[in-house]
Amino acid sequence: MATLYVASTETFVGKSATCVGLLDRARRDGLIAGYMKPVSVSVTRTEGAVLDEDAEFIRKHFGLTDPLEKLTPVLVTQRVVESIIRGQGVDFAKRLNEAYLSVSRDKDLVILEGANHWAEGSLVDLSADQVSDMLQAPVLLITRYRTTLALDAILAVQRYLGDRLLGVLINSIDEPQLDFVRARLVPFLEKRGIPVFATLTQDPQLAGVTVADLHEHLGGQLIGNPAWSNKLIEHLLIGAMGADAALSHFRRRTNKAVFTGGDRIDLQLAALETSTSALVLTGNIRPAPAVLDRAEDREVPIILVTDDTLTTVERAEGIFGHVRFKQDAKIARFTELLDQNFDFARLYDELGLVVG
């Protein structure tokens with residue numbers, strides 16, 4: 001039986017997506033694969049329950065039979081924190097080990113999803129390095145690439161883990177930087193003894209959000225058929241120019257949300273002549289009948305908010321990349337990217353798994 005700990009040094013780098021993709025591929029390759037999130041500080045309270053939403057989603061998505069309390073044995077709630085501060089700590093390591101033994105029984109592979117970043121879990125003595133050491137689980141590090149400073153985090157993790165760092169997946173690389181990463185950074189890391197299992201470009205479909213996600217984040221009134229809320233938004237554009245320049249400006253981006261004042265009827269109509277997923281009208285000004293009619297024809301929902309345009313755009317930017325990985329289209333797309341780019345044969349060989 002093999003175990004793999006999927007870790008990251010920051011939030012929202014694709015850790016949950018990677019766990020889903022690895023589990024999906026392992027099952028298609030004939031392996032009996034299990035899943036755990038040993039420590040969670042991202043706890044959600046529902047009626048009668050406290051749970052980790054990512055773990056609950058993965059359990060349902062794959063039809064896992066293990067109870068949720070085994071998949072997420074250590075939930076660091078405010079009550080737990082207060083108990084530790086009062087000196088009333090629980091033996092969380094024992095709880096985790098018992099859950100791991102239960103989940104790993106009769107499995108070929110167990111995927112362990114790390115916490116949001118490297119240090120989380122330290123309060124209960126179960127940070128990423130402590131968990132991987134306790135369970136003797138090699139670590140696959142997921143990291144986002146923006147600049148060469150990404151190397152600092154990778155090398156720092158290697159110093160912590162040594163041989164337990166199995167390798168890295170470099171995610172969210174801007175297309176113009178991809179050749180440099182593959183030609184220069186990958187050989188550099190390989191020479192340092194850090195295998196690179198995949199280099200993935202920034203994908204608009206994965207970074208995008210639905211109209212429903214944006215509406216939930218911004219609040220306000222949604223005008224239009226609720227079914228249109230499933231449309232994907234890949235870009236945000238501000239409409240603040242003259243009417244003559246509007247069409248060429250809006251044609252530069254597809255599947256976009258256009259933010260403009262509720263009184264700018266000319267810009268709203270121009271946006272509706274291009275590939276627009278949603279109109280966000282600011283200033284709490286209701287759209288004119290002509291705009292409503294054209295939006296109906298093009299099946300474009302309208303979100304009406306009270307804030308000004310710049311404030312609304314700043315708020316909207318905060319949701320991009322921060323939407324949990326729970327949409328079928330995103331799961332299918334990321335799984336496809338892994339199939340095309342991830343070196344599964346090398347991973348299985350490193351873990352001692354025989355497939356096929």
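Here are the numbers:
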| item | result |
| --- | --- |
| Cross-link table LYS191/LYS330; LYS37/LYS231; LYS37/LYS60; LYS15/LYS70; LYS107/LYS191; LYS256/LYS330, entries beyond 26 Å C-alpha to C-alpha | LYS191/LYS330; LYS37/LYS231; LYS107/LYS191 |
| For the chain, accessible area per residue (1.4 Å probe, heavy atoms of protein chains only), Å² | 46 |
| Cα-based helix-to-principal-axis angle, 150-161 vs the chain, degrees rounded to 10 | 20 |
| Cα gyration tensor, the range 77-123 - rounded (a/c under 1.5), prolate or oblate | oblate |
| Charge-dipole axis of the range 137-179 as Lys and Arg at +1 and Asp and Glu at -1 on Cβ define it, positive-most pick from GLN177, VAL157, ILE142 | VAL157 |
| Net charge dipole size for the range 243-332 [Lys, Arg +1 and Asp, Glu -1 on Cβ; Debye, nearest 20] | 420 |
| CD proxy at 222 nm, helix term only [per DSSP H run n ≥ 4: -39500 (n - 2.57); per residue of the chain; nearest 500] | -11000 deg cm²/dmol |
| Farthest toward positive dipole pole in the chain [+1 Lys/Arg, -1 Asp/Glu at C-beta], among THR312, SER122, PHE188 | PHE188 |
| Kirkwood Rh, Cα atoms: Rg over Rh of the range 196-318 | 0.99 |
| Highest-MSF residue in the chain out of MET36, MET241, MET134 [GNM, Cα springs under 10 Å] | MET241 |
| Relative counts (whole %) of C-alpha pair distances in the range 272-356, using bins that are 5 Å wide | 3, 11, 12, 13, 14, 12, 9, 6, 5, 6, 5, 4, 1, 0 |
| Accessible-area composition of the range 120-278, carbon plus sulfur, in percent [1.4 Å probe] | 49 |
| Computed over the chain, the ratio Rg/Rh where both radii use C-alpha atoms and Rh is Kirkwood | 1.03 |
| Relative contact order [Cα under 8 Å, 6+ residues apart], the chain, whole percent | 18 |
| For the range 168-217, size of Cβ-based charge dipole, Lys and Arg +1, Asp and Glu -1, in debye | 460 |
| Whole-Å semi-axes of the range 61-185's equivalent ellipsoid (Cα gyration tensor) | 31, 19, 14 |
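The values are calculated or read from the model by the stated rules, or taken from the named source; none is laboratory data. Treat the numbers as computed from the prediction; the structure is a model and nothing was measured. For neighbour counting, all protein chains shown are included, and Cβ atoms are generated from backbone atoms with ideal geometry for every residue, glycine included. SASA here: full protein model, heavy atoms, side chains in, ligands and nucleic acids out. Shrake-Rupley method; radii C 1.70, N 1.55, O 1.52, S 1.80 Å.
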